[in-house]
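The values are calculated or read from the model by the stated rules, or taken from the named source; none is laboratory data. Values in this document were obtained by computation on a predicted structure and should not be read as measured data. With ideal geometry, Cβ positions are generated from the backbone for all residues, glycine too; neighbour counts draw on all protein chains shown.
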């Protein structure tokens with residue numbers, strides 16, 4: 001499938017950014033300045049290899065540069081999905097995940113991610 005015309009929506013708190021506003025600097029700023037329990041959600045207009053969003057949330061105040069959680073949802077059918085999460089304190093890794101998802105329409109390697117699908121069923 002070609003993702004040439006995919007549009008994106010990025011939600012951070014009460015603010016929504018659309019395709020024409022997205023750039024690497026915005027991702028760096030939003031991910032780097034997440035407050036405790038704040039989040040960013042990146043949604044493509046069509047699923048990317050079944051993925052309907054990629055999101056990250058802070059688990060520590062921003063000054064501490066502590067761990068964050070990154071989650072991805074794969075919608076396999078109307079009633080079936082897989083939901084994975086990764087805990088990491090490497091904010092550069094999180095930025096790369098978002099830039100690859102947005103810029104290259106590439107999903108992360110989920111090998112070391114936790115499958116938490118059962119928690120939603």
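The table below lists the values:
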{"quantity": "Criterion violated by residue 106 - all others in (1) within 22 Å of residue 4 (Cα to Cα); (2) loosely packed, with under 12 Cβ neighbours inside 10 Å satisfied", "calculated": "(2)"}
{"quantity": "Residue count for region 58-84, restricted to those that are in a strand (DSSP E or B), out of contact with any helix residue (DSSP H, G or I) (no Cβ under 9 Å at 6 or more places or on another chain) and surrounded by fewer than 17 Cβ atoms within 10 Å (Cβ to Cβ)", "calculated": "2"}
{"quantity": "Residue in region 97-104 that is part of a strand (DSSP E or B) and within 11 Å of the chain's Cα centre (by Cα) present", "calculated": "no"}
{"quantity": "Given (1) buried (at least 16 other Cβ atoms within 10 Å of the Cβ); (2) touching a residue at least 60 places away in the same chain (Cβ under 8 Å); (3) over 25 Å from residue 111 (Cα atoms), number of the condition residue 44 does not satisfy", "calculated": "(3)"}
{"quantity": "Members of region 11-30 found to be closer than 30 Å to residue 77 by Cα, in contact (Cβ under 8 Å) with a residue 40 or more places away in the chain and not in a loop (DSSP other than H, G, I, E, B), listed by number", "calculated": "27"}
{"quantity": "For residue 5: the one exception among (1) modelled with pLDDT under 90; (2) in contact with a strand residue (DSSP E or B) (Cβ under 7 Å, 6 or more places away or on another chain); (3) outside any helix (DSSP H, G or I)", "calculated": "(2)"}
